[in-house]
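The structure under discussion appears below in the form of structure tokens.
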Amino acid sequence: MKISKLGIGAVVCLIMVFAIGGAAFPSEKEIEKVNVVGHQYPPYQNPDQSGFQNYLAREAFYAAGLVADIAILPPLRTVEDFYDCKFAVCADGETITDEAKNKELDVRRQVYWNVPIGLMYYKPNLTEAEIKGLESVTNFSQLDPSMAILSYGGYDPYTEGGFKGAVEVRSFSPQQTMRMVKGGRYKLGFEVLGVTPYLVVTEEDPEDLKNWGFVNVWVYVPQYMAFKGKDPKGAYYEGKFNEGLSAIKKNGTYMEIYEKLYGRNNVPRSAIHDPQGDIREEDLSKLVDDDKFDMDKFLRQKRDATGTIVEFVD
């Protein structure tokens, strides 16, 4: 899909004055605001700016004295509006992949968390032997290569992880992937941790959740905040975000947000990103090794409509 004309985009970015508006978080009237664009991906990024990823972004900016007003848009629109210079900051920097535009606009990306990607399946479509086989898998190389994987968004961590079968990108959303797997067209489907359970409970039939299974093997893919250097305030926002991200790691807020997604003492070590060693020792002690992540514990937490844990369950 053609997004914008490169030269025009660069000029617009250099002269654009951003109209900052909106969010009522927090309540201080005079605090500086930054407009951020992100794509809709419940429960991580909800339209009302709730969700794990939105909380990380907003808390990081707030710790540096800015309020982030995050516009949640469809994925392609998110990329279009960033390149068309309607926003200087994009919370989904991993989707900002046009190398020519990135060079022209001096796009810089900062990792702020690692997204867990795995596999889901629909038990009624499988034999008892197939289900037992999937429950015993400890890495992707052990998957039956006859079970083709349905992916979307261009992601394929499975082949690199040792999967010997076919990975087919023929879906455009989590909902479509779920429908195709449930319909028996594929036995395995792309899963960002918790998206399928969230959609089953909130949009489909909560009773159907017992029919879904999850291969408890995850790969952790970096998630980026992207900043447009050619924008007059791009470098400033980048500096503020990095400052705030470091601050929330040091004061414990970073880990608190993680626990509201994973549960207490169930955050996989590879899910965090802390190259500077900012996270407190007391918070690091709450992490578990990746192979000790408890999927059943994750699923039994009590959550609100945004996917956030409201009551911890052991």
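Once phi is turned into ³J(HN,Hα) by the Karplus curve 6.51 cos²θ - 1.76 cosθ + 1.60 with θ = phi - 60°, what whole-Hz value does each residue of the stretch 189-204 show in order, with x for glycine and proline?
These are the phi-based 3J(HN,Hα) values: x, 4, 9, 7, 2, x, 5, 4, x, 4, 5, 4, 6, 8, 10, 10 Hz.
Can you report the principal axis dimensions of the stretch 39-189 using only the alpha carbons, biggest first, rounded to whole angstrom?
55, 33, 26
Can you tell me the convex hull volume per residue for the stretch 152-203, based on C-alpha atoms, in Å³ to the nearest whole number?
Details: hull volume 4.1 nm³, N = 52.
For the stretch 152-203, the hull spanned by Cα atoms encloses 79 Å³ per residue.
Given q = 0.08, 0.11, 0.16 Å⁻¹, what are the Debye log10 I(q)/I(0) values for the chain, with equal point scatterers placed on the Cα positions and solvent ignored?
-0.38, -0.72, -1.38
By a straight-distance test (C-alpha under 16 Å), which aspartates and glutamates pair with residue 164 as possible cross-link partners, with residues fewer than eight away in the same chain excluded?
Straight-distance partners of residue 164: 144, 156.
At 222 nm, what helix-only mean residue ellipticity would the chain give, in deg cm²/dmol to the nearest 500, using -39500 (n - 2.57) for each DSSP H run of four or more?
So the helix-based figure for the chain works out to -9500 deg cm²/dmol.
Compute the angle between helix 234-251 and the longest alpha-carbon principal axis of the chain, please, reported from 0 to 90 degrees and rounded to the nearest 10.
Here the helix axis deviates by roughly 50 degrees.
As I understand it, the dipole of the chain uses +1 on the Cβ of Lys and Arg and -1 on the Cβ of Asp and Glu, about the Cα centre. Which of 313, 66, 211 lies farthest toward its positive end?
Highest projection toward the positive end goes to 66.
For residue 123, what is the net charge nearby, where nearby means another residue's Cβ is under 13 Å from its Cβ and Lys, Arg count +1, Asp, Glu -1?
Around residue 123, the surrounding residues sum to 0.
From the phi angles alone, apply the Karplus equation (6.51, -1.76, 1.60; θ = phi - 60°) to the stretch 90-96 and give each ³J(HN,Hα) in whole Hz, x where the residue is Gly or Pro.
Each residue of the stretch 90-96 in turn: 10, 6, 10, x, 5, 8, 8 Hz.
Sequence-distant or interchain residues sharing an amide H contact under 5 Å with residue 301, placed H: which?
Answer set, sorted by chain and number: none.
Using a 10 Å cut-off around each Cβ, can you sort 85, 90 from fewest to most neighbouring Cβ atoms?
85, 90
Would you mind pulling out the separation of the Cα centroids of the stretch 184-202 and the stretch 114-156, in Å?
Between the Cα centre of the stretch 184-202 and that of the stretch 114-156, the gap is 11 Å.
How large is log10 I(q)/I(0) at q = 0.15 Å⁻¹ when the Debye formula is applied to the Cα atoms of the stretch 117-219, each weighted equally and without solvent?
Relative scattering, expressed as log10 I(q)/I(0), comes to -0.53.
May I ask you to derive the relative contact order of the stretch 195-314, considering only C-alpha pairs under 8 Å and at least 6 residues apart, and to give it as an integer percent?
Taking the mean separation of contacting Cα pairs over the length of the stretch 195-314, I get 22 percent.
Using alpha carbons only, how many angstrom separate the centre of the stretch 251-265 from the centre of the stretch 293-310?
12
Tally Lys and Arg at +1 and Asp and Glu at -1 over the other residues with C-beta under 14 Å from the C-beta of residue 189: what net charge comes out?
Details: positive: 123, 170, 179, 182, 185, 187; negative: 156, 168, 191.
My count for the surroundings of residue 189 gives +3.
Past 25 Å, Cα to Cα, is the threshold; run 132/210; 228/250; 230/260; 182/260; 233/260 against it and keep the listed order.
Where the Cα-Cα span goes over 25 Å, the pairs concerned are 228/250; 230/260; 182/260; 233/260.
With a ≥ b ≥ c the root eigenvalues of the C-alpha gyration tensor of the stretch 26-106, is it rounded (a/c under 1.5), prolate (a/b larger than b/c) or oblate?
Values: a/c = 2.21, a/b = 1.42, b/c = 1.55.
Oblate shape, in that a/c is at least 1.5 and b/c is the bigger or equal ratio.
Residue by residue, what Karplus-based ³J(HN,Hα) values in Hz, rounded to whole numbers, does the stretch 152-166 have, using 6.51, -1.76 and 1.60 with θ = phi - 60° and x for Gly and Pro?
Working through the residues one at a time gives 8, x, x, 7, 8, x, 6, 4, 5, x, x, 5, 9, x, 8 Hz.
Tilt of helix 52-63 relative to the longest C-alpha principal axis of the chain, in degrees (0 to 90, nearest 10)?
The angle comes out near 30 degrees.
None of the figures in this text is laboratory data; all of them are computed from the coordinates on show. These numbers come from a predicted model, not from an experiment. Cβ coordinates were reconstructed from backbone atoms using ideal geometry, including for glycine residues, and neighbour counts include every protein chain displayed.
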